[in-house]
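Okay, structure first, notes after.
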Amino acid sequence: MSASQNLLRSSAGGVFSGRIGRKPTLSAGWQKVFSPDPALGFLAHAASLASATNPDTARMIFNDRLDAGLALFFMAIVVVILLASAREWILIATKKKAPSVKEAPYVESGFALYS
């Protein structure tokens, strides 16, 4: 088996095993941001605080909106990494790009546990 076939096989294994963890992460993030339930959704919680008289209301609304923005940002990062990875896998699978591995050479540490 060639090096390119090994790389493609290990990449495909990563796609299928990673699929289990990615979908719940994105769907949970989506629910956390956009759920209409104030106990669950950041934006719904911020909207429910609009009529509150608590002096910390403005800070809590800001924090909910900030949390929603950060959650969306991190979800976008997951999607961008997934798309970039899929592009690389497709280029390698169609042989439009040669597979390459870039690893640093092994350097023995002076802090070895066993001698």
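Here are the numbers for the structure shown:
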{"read-out": "Sorted by Cβ density within 10 Å, fewest first, the residues 59, 65", "value": "59, 65"}
{"read-out": "For 89, 30, order by how many other beta-carbon atoms lie within 10 Å, fewest first", "value": "30, 89"}
{"read-out": "Positive-end extreme of charge dipole, region 24-93 - chosen from 75, 57, 89 (charges on Cβ)", "value": "89"}
{"read-out": "Column: log10 I(q)/I(0), Debye, Cα scatterers of region 24-93, q = 0.14, 0.18, 0.19 Å⁻¹", "value": "-0.52, -0.70, -0.74"}
{"read-out": "Charge dipole (debye, nearest 20) of region 24-93; +1 at Cβ of Lys and Arg, -1 at Cβ of Asp and Glu", "value": "100 debye"}
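Since every read-out is calculated from the coordinates, none of them should be taken as a lab result. Keep in mind that what you see is a predicted model, and the values were worked out from it rather than measured. Cβ coordinates were reconstructed from backbone atoms using ideal geometry, including for glycine residues, and neighbour counts include every protein chain displayed.
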